Amino acid sequence: MSVSSLIINSPYEMPTHHWSQDANGRVAKKVEGRRPAAYEMYDTRNNTRRVELLETVNRVRQRVDHWRADGWPGITLVTRALLEHWAAKGEWIADERRWEGGPRPYPFYFCQLEAIETLIWWLEAPADYRQGVFLRGDGGVWERICSKMATGSGKTTVMGLIATWQTLNALQYPKDRRFSQAIFVVAPGLTVKSRLQVLLPGDEHNVYDEFSMCPNEAMRQRLNQMEIVVENWHTLMPLKEPTRSVVKKGAESDEAFTRRVLGGLAGFKDIVVINDEAHHAYRKPAEQKIGKQEAARLGIDLEEATRWIEGLDRIHKTRRIRRCFDLSATPFAPTGKTNTEAGLYEWVISDFGLNDAIEAGLVKTPRVVIRDDALSNAKSYAPKLYHLYREDEVRDDLNRKADSDEPLPQLVQNAYTILAYDWRETLHAWQAEGHTIPPVMLTVCNRTETAARIERFFNEGDCMIEGTQSPERTLRVDSKVLEKAERGESVTKDKEYAARLEEIIRASGLASDKQEDLLALKQEQQLRDLVDTVGKRHQPGQHLQNVISVAMLSEGWDAANVTHIMGLRAFTSQLLCEQVIGRGLRRVAHDLDENGHFLPEFVNVFGVPLSIFQDVGDAGEAPPVPKASVRVQVEPGRNQYEIRWPNVLRIRSILQPDLVVDWPELERLTLDPSQTPLNAEVAPSLTGLVNLDQASEIDLEKAVNDFRLQNLIFRATRKLYRELGGGFEGDKQYLAIQLIRLVEQFIASDKLSVPAAWYSDPVRRQLLIGLNIDGVVAHLSRHVRLENTTKLEPVFDEQLPIGSTAYMRPWPTTKPCQPTKRSQISHAIHDSTWEQAVFNICEKSDRVVAWAKNDHLDFVVRYLWRGSNRKFIPDFLIKLKNGKTLVLEVKGQDSDRNRAKRAAMNEWVDTINRWGGFGIWCFDTVFDPAKVRDVIEHHVESPDTVVDTN
């Protein structure tokens with residue numbers, strides 16, 4: 001069956017459909033409902049395939065779904081706050097292809113939430129929800145619980161969720177033994193250990209801040225009390241006693257071992273262990289029949305597996321392991337049986353396998369591609385290319401010790417020719433798309449001799465496809481050297497292999513000083529640095545295009561540019577297929593379509609019998625090229641273009657009592673000078689007789705200082721306050737301020753009438769008012785009434801009250817973008833041609849001082865839509881020449897929702913401007929790109945809010 005895309009589910013919702021498969025494991029049809037938890041096995045005796053259902057996991061799924069639907073009963077208040085916060089998605093805006101209103105730009109994947117919910121259910125749900133469910137352990141005395149999650153589905157994030165849940169509950173409920181703030185994370189190698197540093201709360205790129213794992217800042221601060229140690233499994237190995245030591249100290253005691261391994265955690269008991277890539281850690285049952293040769297054939301390190309568990313057992317003896325959370329894409333242990341080489345862990349409690357991840361678009365879609373019309377007869381090869389190693393002539397030839405100059409089997413050469421041709425076509429397509437990093441062809445083969453033959457096949461030009469003979473870009477991974485590097489151990493230097501590594505380093509494109517630094521390292525460290533940086537810009541492995549390995553490469557290998565995989569080894573279980581394919585499944589981009597599904601990306605696979613892949617059918621259609629990504633970051637040396645804003649959590653409405661006067665209804669008060677004496681004459685009087693010759697005048701016009709306007713207003717206010725204050729329930733100081741304003745308005749208005757001759761003389765007018773002050777107060781008081789009004793006040797984020805373009809974290813994008821010159825942000829994303837028009841104006845206009853596209857800046861304005869609180873993310877922040885900051889939104893069409901956003905933005909601007917202290921802000925929306933320049937000009941020239949920038 002040929003289909004356009006295997007992605008049929010949203011990554012953020014429970015799967016609603018799955019692909020059924022035919023007897024050969026190929027896609028048959030789309031089926032409604034979620035795929036049952038299962039894994040597939042191959043019987044090597046009969047060459048048949050069968051599906052093993054995971055009955056316990058399927059039963060647990062139903063219980064967790066029921067428990068979730070009932071509102072997570074039984075959980076602690078802390079856990080409830082976390083689950084509600086983690087489950088918040090916001091709303092999908094289809095026309096803009098983004099989520100809005102959630103606590104993070106993108107919701108958690110459904111598989112991540114299901115994994116943490118299932119663990120919480122196991123520990124916190126009431127007993128009746130867990131009745132009849134039993135998890136078999138691994139035979140040890142401490143509990144293990146395993147979450148099976150496909151490569152690329154976000155296991156590191158789930159570890160962060162586990163650590164958050166455990167720590168915050170342990171701090172809130174210190175006597176509850178289900179929780180612990182002491183967390184010991186064990187990694188399978190130095191590569192993974194380095195990547196897991198993001199689990200430390202103080203790490204610059206920690207997952208707790210990146211994914212907003214805490215509902216509030218108080219919880220985030222408490223999370224800093226987490227005690228966590230991340231170590232490589234090799235630290236669990238017992239110390240070897242020096243062979244030349246004179247003093248025999250004896251074996252390391254359990255207590256000394258614990259102190260050495262746990263370090264800062266040694267002072268704690270009841271420790272929680274998180275095993276990453278936990279399929280490396282299992283107990284070997286006594287009845288298990290598997291020797292070193294068989295283990296080597298299966299690519300298994302028995303010492304690693306047993307030492308890992310033995311070390312944890314020693315820690316349990318001294319400190320107690322409360323429980324262990326295992327995470328793995330392939331949690332199985334070898335059984336030594338010919339028909340089933342893998343036994344799935346019996347303590348798996350949840351499963352989101354590779355097929356689920358493919359159908360949700362979390363990873364690339366594997367597919368077989370035959371593209372050249374000249375190779376139309378290659379259809380007969382399809383079954384052989386599906387599992388090359390199963391063919392007798394291939395298996396017999398590759399499963400022997402052979403010199404590196406011996407040719408590969410003809411079928412393998414033909415397969416490489418087809419795959420290499422497709423790789424070269426992909427390379428050209430990537431280059432045309434603007435990629436500076438080449439696609440990678442990855443081979444996983446059965447033994448070191450085979451790897452050497454493959455390397456020679458390409459480096460000596462035996463491959464017929466031009467462009468594949470690039471020794472300086474072809475890396476053969478010596479599995480023994482890489483394993484030593486992952487353990488931090490030294491190896492004996494191989495001069496021939498060292499010369500190959502030096503050739504690759506010299507051609508890496510690094511600066512000469514960095515090349516010399518890398519060449520000065522030990523051979524194993526050089527190899528590790530090359531392998532770890534495949535596909536990473538400005539790193540040693542950036543130009544590698546062909547990687548040949550015997551082992552699966554280290555877990556944590558996160559190269560996203562693997563486009564072609566060749567498998568040349570036995571695949572007797574689907575989980576082995578997943579291990580190999582998993583190294584090439586990481587996506588380049590995470591773009592969404594209008595349905596909220598990821599756009600498909602592809603990896604072309606030969607020789608790995610994966611159960612689900614996309615077959616292109618007869619047409620041989622080439623897979624689309626993933627878009628080239630650009631790193632968007634704060635550009636050094638551009639502090640002059642920084643834009644700052646207040647981080648407002650919400651606009652609060654405060655109800656306050658106000659005194660008002662109904663001015664239209666207020667009657668005019670006329671002051672009559674004839675009834676108001678301003679002066680008087682006095683003379684001596686004796687027995688009723690007045691001596692006019694000694695008369696003198698008392699003229700109040702000379703007491704002008706006593707009748708100053710402000711003095712009159714104060715006296716009138718004091719009288720009015722005495723008259724009204726008793727019936728006013730609000731703040732008395734606020735009452736006085738309002739009364740002063742009303743008295744000022746009344747005296748200055750035409751409601752207070754005086755003769756024209758008096759009005760034109762300010763001194764006489766003030767005398768007239770002052771002498772009639774009681775009448776003025778009595779008249780005004782009859783028309784003053786109390787009203788409740790609403791005042792808007794911003795509520796700031798106490799932890800980060802000021803946002804800034806300088807705080808943006810670097811992030812990759814595949815969207816169209818251009819480098820900037822007038823912005824502190826290196827690139828601006830164009831979601832439309834209209835936004836590009838704004839880009840051009842902001843870069844060139846002399847009216848613009850600085851600007852930024854509001855992408856990953858965390859400048860948001862909350863608004864209410866259909867009863868829910870949403871986030872409005874305006875398009876642009878533009879600092880204008882006159883000191884204003886313009887918030888600009890570009891829209892193609894209007895809607896009720898957009899009008900709600902504008903109303904909230906206008907309220908935000910008005911509130912911030914009235915509050916003061918943040919400069920002058922303005923907001924505008926353009927529906928026509930031709931008017932952007934006019935809008936900017938309007939806000940620059942508008943006189944009402946212009947501020948002095950000096």
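The values are calculated or read from the model by the stated rules, or taken from the named source; none is laboratory data. What you see is a predicted model; the values in this text were computed from it and never measured. Methodologically, a virtual Cβ is constructed for each residue, glycine included, from the backbone with ideal geometry; neighbour enumeration extends over all protein chains shown.
Observations
Results for (1) assigned by TED's automatic domain parsing to the domain that holds residue 367; (2) on the phi < 0 side of the Ramachandran plot; (3) buried (at least 17 other Cβ atoms within 10 Å of the Cβ); (4) under 38 Å from the mean Cα position of the chain (by Cα), shown as yes or no for each residue.
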{"site": "423", "(1), (2), (3), (4)": "yes, yes, yes, yes"}
{"site": "428", "(1), (2), (3), (4)": "yes, yes, no, yes"}
{"site": "434", "(1), (2), (3), (4)": "yes, no, no, yes"}
{"site": "440", "(1), (2), (3), (4)": "yes, yes, yes, yes"}
{"site": "443", "(1), (2), (3), (4)": "yes, yes, yes, yes"}
{"site": "451", "(1), (2), (3), (4)": "yes, yes, yes, no"}
{"site": "455", "(1), (2), (3), (4)": "yes, yes, yes, no"}
{"site": "458", "(1), (2), (3), (4)": "yes, yes, yes, no"}
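So that you can scan it fast, the table gives a plain yes or no per residue for (1) of a type in the set (Lys, Arg); (2) part of a loop (DSSP other than H, G, I, E, B); (3) farther than 21 Å from residue 191 by Cβ; (4) at pLDDT below 90:
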{"site": "455", "(1), (2), (3), (4)": "no, no, yes, no"}
{"site": "485", "(1), (2), (3), (4)": "no, no, no, yes"}
{"site": "525", "(1), (2), (3), (4)": "no, no, no, yes"}
{"site": "528", "(1), (2), (3), (4)": "yes, no, no, yes"}
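- Subset tally (residues that are in contact with a Ser or Thr (Cβ under 8 Å, 6 or more places away or on another chain), of a type outside the set (Gly, Ala, Ser), within 18 Å of residue 804 (Cβ to Cβ) and not in a strand (DSSP E or B)) for region 863-885: 1
- No other residue among 209, 203 is assigned to a helix (DSSP H, G or I), closer than 26 Å to residue 557 by Cβ and without any contact (Cβ under 8 Å) to a residue 12 or more places away in the chain apart from 209.
- Within region 105-186, helices (runs of 4 or more DSSP H) holding 3 or more residues that are of a type in the set (Asp, Glu): 110-124
- When region 801-842 is filtered for residues that are more than 22 Å from the chain's Cα centre (by Cα), touching a residue at least 24 places away in the same chain (Cβ under 8 Å) and part of a helix (DSSP H, G or I), the ones remaining, listed by number, are 833, 834, 835, 837, 838, 841, 842.
- Unmet criterion (only one of (1) over 30 Å from residue 576 (Cβ atoms); (2) polar (S, T, N, Q); (3) touching a residue at least 24 places away in the same chain (Cβ under 8 Å)) for residue 221: (3)
- For region 857-870, a residue qualifies if it is surrounded by 18 or more Cβ atoms within 10 Å (Cβ to Cβ), touching a strand residue (DSSP E or B) at 6+ places or on another chain (Cβ under 6 Å) and not aromatic (Phe, Trp, Tyr), and the qualifying residues are 860, 861, 870.
- Among the residues of region 843-862, those identified as in contact with a Leu (Cβ under 8 Å, 6 or more places away or on another chain), in a loop (DSSP other than H, G, I, E, B) and within 12 Å of residue 876 (Cα to Cα) are 854, 857, 859.
- The criterion of at least 2 residues that are at pLDDT below 85 and within 21 Å of residue 564 (Cα to Cα) is met by the following helices (runs of 4 or more DSSP H) wholly inside region 307-421: 382-386.
- Residue list for region 126-141, filter: closer than 17 Å to residue 57 by Cα and of a type in the set (Val, Ile, Thr): 133
- The condition of being in the same structural domain as residue 928 (by TED's automatic domain parsing), surrounded by fewer than 17 Cβ atoms within 10 Å (Cβ to Cβ) and under 24 Å from residue 631 (Cα atoms) holds for only one of 818, 824, that being 818.
- All of (1) at pLDDT 75 or above; (2) acidic (Asp, Glu); (3) assigned to a loop (DSSP other than H, G, I, E, B) hold for residue 555 with one exception: (1).
- Only one of the listed residues (898, 906) is closer than 25 Å to residue 793 by Cα, at pLDDT below 90 and either among the polar types (S, T, N, Q) or part of a loop (DSSP other than H, G, I, E, B) (or both). That residue is 898.
- Of the numbered criteria (1) out of contact with any Ser or Thr (no Cβ under 6 Å at 6 or more places or on another chain); (2) modelled with pLDDT under 90, the one residue 279 fails is (1).
- The residue of region 598-634 that is nearest to the chain's Cα centre (by Cα), among those that are assigned to a strand (DSSP E or B), over 23 Å from residue 581 (Cβ atoms) and modelled with pLDDT of 85 or more, is 632.
- Output for region 565-597, where each listed residue is in a strand (DSSP E or B), crowded, with 22+ Cβ neighbours inside 10 Å and either modelled with pLDDT of 80 or more or in the same structural domain as residue 331 (by TED's automatic domain parsing) (or both): 565, 566, 567, 568
- Unmet criterion (only one of (1) out of contact with any helix residue (DSSP H, G or I) (no Cβ under 7 Å at 6 or more places or on another chain); (2) part of a helix (DSSP H, G or I); (3) surrounded by fewer than 20 Cβ atoms within 10 Å (Cβ to Cβ)) for residue 222: (1)
- Single residue of region 909-937 satisfying the filter (out of contact with any strand residue (DSSP E or B) (no Cβ under 8 Å at 6 or more places or on another chain) and assigned to a helix (DSSP H, G or I)) that is surrounded by the fewest Cβ atoms within 10 Å (Cβ to Cβ): 930
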